[in-house]
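Note sheet for the following structure.
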Amino acid sequence: MPFTPQEPIPRKEKISVEYLVDKLRERVNINIEACIAENQCSEKFISEADLHRPGLALAGYIDLFTYQRIQVIGNTETQFLTHMGKDKQLEAFRNITQFDIPVIFLTDNNELPKYLLQEANEAGIPVFSTPLETTRFMYLLRDFMEDQFAIQTMVHGSMMDVYGIGILVAGKSGIGKSEVALDLVERGHRLVADDVVMLTKKNNVLMSSATEMSKHFMEIRGLGIIDVMSMFGIRAIRYQKRLEVVLELTLWEDTKEVERTGLNHDSVSVLGLDIPLIHLPITPGKNITVIAEVIAMNYLLKHYGYDPAKAFQQRIKSSIGEKAEGGDMSPKRAIEYFEGDME
């Protein structure tokens with residue numbers, strides 16, 4: 001059965017502002033202070049990852065105001081309000097507080113007058129401040145939000161970090177995926193997930209992880225469940241890894257065609273992204289672990305601009321060209337002169 005990812009998991013419909021602020025503080029390590037209406041955070045929800053800066057809305061143009069997004073007020077918006085009198089500030093600020101805004105963030109240690117904060121409080125809009133500059137804060141916040149609302153799917157296989165390359169070992173049930181993963185762990189590589197692998201599409205990259213239930217655990221048929229982290233140590237596991245290659249194990253008798261040169265590259269579409277796919281027929285005595293290591297190293301070579309298959313093809317073309325010109329085509333040694341070697 002060929003490798004086929006499952007259907008995408010429906011993305012989150014919404015997250016609460018309370019959850020957002022807690023995670024930005026704990027996981028992203030952003031210094032965030034509450035200005036007003038922090039008690040409203042559990043009742044406010046965000047339904048999309050995009051952010052918005054309400055400069056035009058403060059100026060009075062609200063026809064296209066995307067109030068449902070997180071609102072970020074930076075230096076530009078703050079300076080715009082500062083150059084007004086109190087009445088004009090209130091009028092401008094009410095242009096946005098009349099909408100059901102989920103949350104407002106003030107960046108770069110900017111502050112709002114107390115009467116504007118009171119307007120937000122009366123509207124039930126939480127306001128937070130951070131010392132981070134606007135560009136940096138929006139980058140970190142957007143990255144977090146894209147992760148929260150990312151498309152996900154599940155695949156069956158063993159996800160490994162081999163020489164820094166994320167390889168998903170796939171194949172039909174019972175073919176030996178977990179055994180290959182265990183052998184790779186024994187050789188110093190790192191387990192990401194076994195059996196069920198969660199894939200998340202983030203920033204046009206597929207990130208992999210285990211499920212909360214199965215992380216660090218592995219099932220070896222005939223032995224049972226083992227805890228890889230307890231047995232091999234913290235260096236034997238990873239919480240996340242980018243998926244770069246799918247290695248599909250197949251039985252030799254089920255394989256119709258086998259790639260011999262590496263010039264033809266198969267791929268599989270996962271969540272709209274094409275991932276290199278290698279079909280590897282297995283037979284008794286074949287060392288799949290070493291082949292997986294070679295696949296990782298070969299991928300690194302290609303990444304840095306050297307393709308062995310193309311280099312060999314070019315060598316053949318050059319040899320054919322010499323023959324066409326009447327050159328000597330008899331087999332030649334790889335070395336012209338054997339130095340004295342008495343070993």
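The values are calculated or read from the model by the stated rules, or taken from the named source; none is laboratory data. Nothing here was measured: the structure is a model prediction, and the numbers come from that model. Please note: Cβ atoms are built from the backbone with ideal geometry, for glycine as well, and neighbour counts cover all protein chains shown. Heavy atoms of the whole protein, side chains included, go into the accessibility calculation; ligands, DNA and RNA do not. Shrake-Rupley method; radii C 1.70, N 1.55, O 1.52, S 1.80 Å.
When a/c reaches 1.5 or more, the comparison of a/b and b/c decides; with that in mind, is segment 263-314 rounded, prolate or oblate per its Cα gyration tensor? All intermediate terms of the calculation are to be shown ahead of the outcome.
Values: a/c = 1.76, a/b = 1.09, b/c = 1.61.
Oblate.
Could you tell me, in Å, what Rg and Dmax come out for the Cα atoms of the chain?
28.7, 97
Give the span of segment 96-247's Cα atoms along each principal axis, as three whole-Å numbers ordered largest to smallest.
Cα spread of segment 96-247 along its principal axes, largest to smallest: 70, 27, 25 Å.
Let me check I've understood the local charge: for residue 51, count other residues with C-beta under 10 angstrom from its C-beta, Lys and Arg +1, Asp and Glu -1. What total comes out? Don't jump to the answer; show the numbers that get you there.
Details: positive: 53, 69, 142; negative: 48, 50.
With Lys, Arg at +1 and Asp, Glu at -1, the neighbours total +1.
Dipole of the chain (Lys/Arg Cβ +1, Asp/Glu Cβ -1, origin at the Cα centre): which of 306, 236, 334 lies farthest to the positive side?
In the chain, that residue is 334.
Would you work out which of 132, 95, 65 lies farthest towards the positive end of the dipole of segment 1-155? Charges go on Cβ: Lys and Arg +1, Asp and Glu -1.
Value computed over the given set: 132.
Under unit Cβ charges (Lys, Arg +1; Asp, Glu -1), what dipole magnitude, rounded to 20 debye, does segment 46-121 have relative to its Cα centre?
Working: 6 positive and 10 negative charges, 37 e Å.
Result for segment 46-121 is approximately 180 debye, rounded to the nearest 20.
Once amide H atoms are placed 1.01 Å from N in the peptide plane, what residues at a sequence separation of 5 or more from residue 151, or on another chain, have their amide H within under 5 Å of its amide H?
Residues meeting the amide H criterion: 201.
How would segment 1-58 be classified by its alpha-carbon gyration tensor: rounded, prolate or oblate, with rounded meaning a/c under 1.5 and the a/b versus b/c comparison settling the rest? If you can, show how the numbers build up before the last one.
Details: a/c = 2.53, a/b = 1.93, b/c = 1.31.
Cα axes put segment 1-58 in the prolate bin.
If each of residue 235 and residue 306 carries a label point 7 Å out from its Cα toward its Cβ, how far apart are those two points in nm?
For the pair residue 235/residue 306, the computed spacing is 2.7 nm.
Compute the signed sum of charges (Lys and Arg +1, Asp and Glu -1) over the other residues within less than 14 Å, Cβ to Cβ, of residue 65. Write out the running numbers ahead of the final one.
Working: positive: 53, 69, 94; negative: 50, 63, 77, 100.
Neighbour charge sum, excluding residue 65 itself: -1.
Grab the DSSP H runs of the chain that are 4 residues or longer, score each as -39,500 (n - 2.57), total them, divide by all residues and round the 222 nm result to the nearest 500 deg cm²/dmol. Could you put the intermediate results ahead of the total?
Values: 10 runs with 107 residues, N = 343.
Taking each H run of at least 4 residues, the total per residue is -9500 deg cm²/dmol.
Run the accessible area of segment 147-217 with a 1.4 Å probe and give the carbon-and-sulfur part as a rounded percent. If you can, show how the numbers build up before the last one.
Values: 1360 of 2730 Å².
Carbon and sulfur together cover 50 percent of it.
Just to be sure I follow: if Rg is taken over the C-alpha atoms of segment 1-107 and Rh is the Kirkwood radius over the same atoms, what is Rg/Rh?
Rounded to two decimals, Rg/Rh equals 1.10.
Highest mean first, how do 194-202, 284-292, 208-216, 16-24 rank when packing is the count of other Cβ atoms within 10 Å averaged over residues? Walk me through the intermediate numbers first.
Numbers: 194-202: 20.8, 284-292: 13.9, 208-216: 16.1, 16-24: 18.1.
Going from most to least packed, we get 194-202, 16-24, 208-216, 284-292.
Note down the nm distance, to one decimal, between modelled labels 7 Å out along Cα→Cβ at residue 265 and at residue 59.
Distance between label points: 4.6 nm.
Please list, in order, the residues from segment 131-163 whose amide nitrogen is less than 17 Å from a point placed 7 Å along the Cα→Cβ vector of residue 26.
144-145, 148
Based only on the alpha carbon positions, what is the Kirkwood hydrodynamic radius of segment 66-162, in angstrom?
Numbers: mean 1/r = 0.0645 Å⁻¹.
For segment 66-162, the Kirkwood estimate is 15.5 Å.
Whole-Hz ³J(HN,Hα) for each residue in segment 100-112, computed from phi via Karplus 6.51 cos²θ - 1.76 cosθ + 1.60 with θ = phi - 60°, x for glycine and proline: what do you get?
The phi angles translate into 7, 6, x, 6, 10, 10, 9, 9, 6, 6, 6, 10, 10 Hz.
Which of the aspartates and glutamates could a cross-linker span from residue 201 if the Cα-Cα distance has to be under 17 Å and same-chain partners fewer than 8 positions apart are dropped?
Partners found: 7, 13, 48, 50, 143, 146, 147, 244, 274.
Grab the beta carbon distance between residue 314 and residue 12, set R0 = 51 Å, and tell me the FRET efficiency rounded to 0.05. Walk me through the numbers before you get to the answer.
Values: r = 50 Å, r/R0 = 0.98.
Efficiency computed from Cβ-Cβ geometry: 0.55.
With a 1.4 Å probe and all protein chains left in place, how much accessible area per residue does segment 115-210 have, in Å²? Don't skip to the end; give the middle numbers.
Values: 3500 Å² over 96 residues.
Accessible surface, normalised per residue, equals 37 Å².
Please work out how much length the chain gains when fully extended from residue 146 to residue 48, using 0.36 nm per residue of separation minus the C-alpha to C-alpha distance, in nm with one decimal.
Details: separation 98, 0.36 × 98 = 35.28 nm, distance 0.86 nm.
Gain on extension, residue 146 to residue 48, equals 34.4 nm.
For the chain, with the dipole built from +1 on Lys and Arg beta-carbon atoms and -1 on Asp and Glu ones, taken about the Cα centre, which of 6, 145, 251 lies farthest toward the positive end?
In the chain, that residue is 251.
At 7 Å along the Cα-to-beta-carbon direction for both residue 335 and residue 115, put a label point, then send me their distance in nm to one decimal.
If labels sit at residue 335 and residue 115, their model points lie 9.0 nm apart.
How large is the accessible surface per residue of segment 1-110, computed with a 1.4 Å probe and reported in Å² as a whole number?
Per residue, segment 1-110 has 57 Å² of solvent-accessible surface.
I want the local charge near residue 287. Using Cβ-Cβ distances under 14 Å, sum +1 for each Lys or Arg and -1 for each Asp or Glu among the other residues.
-2
Residues with amide H under 5 Å of residue 193's amide H, sequence separation 5 or more or different chain, H placed in the peptide plane at 1.01 Å from N; which?
Under 5 Å from the amide H of residue 193 lie the amide H atoms of 159, each far enough along the sequence or on another chain.
Using only Cα atoms, what Kirkwood radius does segment 164-299 have, in angstroms? Working shown, then result.
On the way: mean 1/r = 0.0639 Å⁻¹.
With all distinct Cα pairs of segment 164-299 included, I get 15.7 Å.
Would you please state the base-10 log of I(q)/I(0) at q = 0.25, 0.30 1/Å for segment 147-199, with intensities from the Debye formula using one equal scatterer on every alpha carbon?
Normalising to I(0) and taking log10 leaves -0.93, -1.16.
What dipole magnitude, in Debye to the nearest 20, does the chain give about its Cα centre under +1 on Lys/Arg Cβ and -1 on Asp/Glu Cβ? It would help to have the intermediate numbers written out before the result.
Working: 37 positive and 49 negative charges, 35 e Å.
Magnitude of the dipole: close to 160 debye.
About the Cα centre, and with charges only on the beta carbon of Lys, Arg (+1) and Asp, Glu (-1), how big is the dipole of segment 167-249? Nearest 20 debye, please. Provide the component values of the computation, followed by the final result.
Numbers: 12 positive and 10 negative charges, 75 e Å.
That gives segment 167-249 a dipole magnitude of about 360 debye.
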